[in-house]
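The values are calculated or read from the model by the stated rules, or taken from the named source; none is laboratory data. This structure is a prediction, so every number in the text was calculated from the model and none was measured. All Cβ positions, even for glycine, are placed from backbone atoms using ideal geometry, and neighbour counts span all protein chains on display. The accessibility values were calculated without ligands, DNA or RNA, using every heavy atom of the protein model including side chains. Shrake-Rupley method; radii C 1.70, N 1.55, O 1.52, S 1.80 Å.
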Amino acid sequence: MAGAAIVTLATGGALVAVAGPASATTPTGGCWVYTPTTPANIEDTLPASQTSSTLAPWANPGPADYVLTSSGSAAVGGTRNFSLTFNEGPTNGGPPASGVVYYYFSVNGTNLPAISKPFSAGGSAPIPGDTITGSYAIASAGTQTIKLRKVYYDIPTFSTRVACNGQSTGIKVAPSGGVNPATTPLDTNISTSFTATGPTATISSVTNQVVNGYARKGDTINFNVSNFTSGGTAAVELCNTAGSSCDATPGSVTVAGDGTGSGSLTVISNPGTGDRALKVTLGGDVSLTPIKVLAAPTFTTNISGGGASTIVTFDGDNWDPNQTVTVGGYKPPPPIPPGPTGDATIDVTADGTGHIHGTFTVVDPTTAFVGGSRLHSASPVVSVFASAPFTFSGDTCNAKVGSATTGSCSLVQTMNLDITAGNLTASKASGTILMPGFTLDGTAHSVTGALRQVTVKDYRGGALGWSLTGKFSGLTGPATITPDKLSWTPNCAPSATNNDDTVTTGSAGAFTNSTTALPVCSVATTALGADGASGGDTLVDAALSLSVGANQKAGSYVGTITLTLS
């Protein structure tokens, strides 16, 4: 807008600064004229174009006298009023103009909503002085500093805006750059302070913590109270920062008549977590003291697997602030924490907010998790633990990292072999048992022979054992020869090449009847060889002796010896 600049620049771009009355202050910085890119955004710091090229004073010829005062309640929870009075604003260097002026204030660094009101200035005339009032609710006790941050004069008719604040540099880089009040606003030096009093709880210590602003479940918060208006029993709770949504189990503290006292509150097992407040309530007095209740710790890694000497970068939150966390490799749970692997552990210290960061080297192939752990409480014993899965691979490894001159790594190759169990078998030499015949001569005879050799083969490869027994049917022919007439002497010989089991040989003796089995050879499960498995060949023989009476009927006789392997 040709000829519509609203601020008269001081000669050479210097701020005109003339001392005002003792009760008034000249604001630091100056003013800047520009066209906003986003008219709806009063605080837009990206001009579409800039009319100013040097810094303009808050008033011309000035001096600009600004007085900021406050009054009203000084109690926490009360309303504090403030008032800003100034003698004149920047000079309109063009035709008459009007618009809306926006005043921005803060309290202890917290910004308050803008206060706006209409204004007008005559052609080539300063903007008239004014008084601006506002108020806010006092949130905490202690020093309260109310500050004028900045002022914006918005003139929609001419698509023009004037930014006045504490920025003392006035550099223009067309169309929208440079360092000046429009692009880089700073707070002014105009402020006023007072001390707010009210019920206050101060945390003196937290068990298991080295800082007072953090706690986790099971910790005890110790605190002192002051500035309560009367004595009595006050309720103590952990709530959200607004004082609502409190934990289920409150406590109490005794407040003396002078408004002071001390007490403690133990954090319940399932508390609300995050930004919370220790709330102490007695009658109409309420104090809210910020504290952060830690949730379960977290542990994340940048990779989830790798080979030997893999370097893992980790981060975590909700650890005990300013305390040591041990990071290591772990086997699969249970228990929690699970058992450690052979990886060398490292210690890191959580920062003041409970965050951890670092690197860890995985070497042990049994590592299934990388995690952090610390003993939070010694009595009762409480450990905090968090981990991230890690899949170890034998296919890759890092011998040297970057320009390192030392280091080594190993590749693990797994060999698989399946061995199938064989059988437990028995075989005999072919043919029948031949007992030599004889001619009756009126005397009893003892006929000898031998069992056809039997081979027992145990190829099962297990701790199983075996047993071989025998039964004799007796002989039948023209008459019978009962089983008790046959005696035997077993012999069991384990093979020297493949059998180191202890083979037990059955006792020599006569059969009693056709149904009773006599032991021949056996291997007990407690008699296995050095390899711990039954197995190999055993040769089985038996010497036979048959008693035949003097008057046995002549003729051919036949019978069977049955060997049973189990």
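What to note about this one:
- This structure gives percent of Cα pairs over 29 Å apart, computed directly, and of [x] 75; [y] 58; [z] 71 that value is listed as [x].
- Projected label points at Thr157 and Ser49, each 7 Å from Cα along the beta carbon direction, are separated by 2.0 nanometres.
- Tail weight of P(r) past 30 Å, computed on alpha-carbon pairs of segment 30-196, percent: 18
- Inter-label distance for Thr489 and Ser556, nm, one decimal - labels placed 7 Å from Cα along Cα-to-Cβ: 3.1
- Dipole magnitude of segment 200-293, debye to nearest 20 (Cβ charges: Lys/Arg +1, Asp/Glu -1, about Cα centre): 240
- Rolling a 1.4 angstrom probe over segment 458-509 with all protein chains present gives an accessible area of which 53% lies on carbon and sulfur atoms.
- The distance linking segment 156-189 with segment 62-80 is 27 Å (Cα centroid to Cα centroid, whole angstrom).
- Label-point separation, Thr482 to Leu417 (7 Å along Cα→Cβ), nm: 5.7
- Scattering curve values for segment 226-268, log₁₀ I(q)/I(0), Debye with Cα scatterers, q = 0.15, 0.16, 0.23, 0.28 Å⁻¹: -0.41, -0.46, -0.81, -0.95
- Here segment 200-293 exposes an accessible surface that is 47 percent carbon and sulfur, computed with a 1.4 Å probe and the other protein chains kept in place.
- Between Ser264, Thr249, Leu46, the Cα set farthest toward the positive side of the dipole of the chain (charges on each charged residue's Cβ, about the Cα centre) is that of Thr249.
- Cα pair distances of segment 273-345 binned at 10 Å [whole percent]: 14, 33, 25, 14, 10, 5, 1
- Take the Cβ atoms of Asn41 and Thr110, set R0 to 22 Å, and the FRET efficiency comes out at 0.60.
- Kirkwood hydrodynamic radius (C-alpha pairs) into Stokes-Einstein, segment 252-308, 20 °C and 1.002 mPa s, D in µm²/s: 141
- In the chain, lysine pairs closer than 23 Å at Cα, eight or more apart or cross-chain: 11
- Span from the segment 420-446 Cα centroid across to the segment 282-330 one, whole angstrom: 83
- Heavy-atom accessible area per residue - the chain, 1.4 Å, Å²: 47
- Here segment 355-405 has 57 percent of its accessible surface on carbon and sulfur atoms, given a 1.4 Å probe and all protein chains in place.
- Average projection, convex hull of the Cα set of segment 99-247: 14.8 square nanometres.
- The Rg/Rh ratio for segment 448-519 is 1.06, where Rg is the radius of gyration of the alpha carbons and Rh is the Kirkwood radius.
- Other residues with beta-carbon under 15 Å from the beta-carbon of Asp219 carry, at +1 per Lys or Arg and -1 per Asp or Glu, a net charge of +3.
- Measure of compaction for segment 200-293 (Cα Rg per 2.2 N^0.38 Å): 0.98
- Semi-axes of the equivalent ellipsoid for segment 298-392, computed as √(5λ) from the eigenvalues of its C-alpha gyration tensor and ordered from largest down, come to 21, 15, 10 Å.
- Given charges at beta-carbon only (K, R positive; D, E negative), |dipole| of segment 375-511 in Debye: 140
- Debye, to nearest 20: dipole size of the chain, +1 on Lys, Arg Cβ, -1 on Asp, Glu Cβ: 460
- Pairs of alpha carbons in segment 383-480 whose separation is greater than 16 Å (percent): 81
- Charge dipole (the chain, unit charges on Cβ, about Cα centre) - positive-most of Pro156, Leu278, Phe223: Pro156
- Taking only the C-alpha atoms of segment 423-565, the Rg (one decimal) and the largest Cα-Cα distance, Dmax (whole number), read 17.4, 58 Å.
- Share of alpha-carbon pairs per 5 Å distance bin for segment 161-205, given as whole %: 5, 17, 16, 13, 7, 7, 8, 8, 8, 6, 3, 0
- A dipole drawn for the chain from +1 and -1 charges on Cβ atoms has a positive end, and of Ser191, Ser205, Pro389 the residue lying farthest that way is Pro389.
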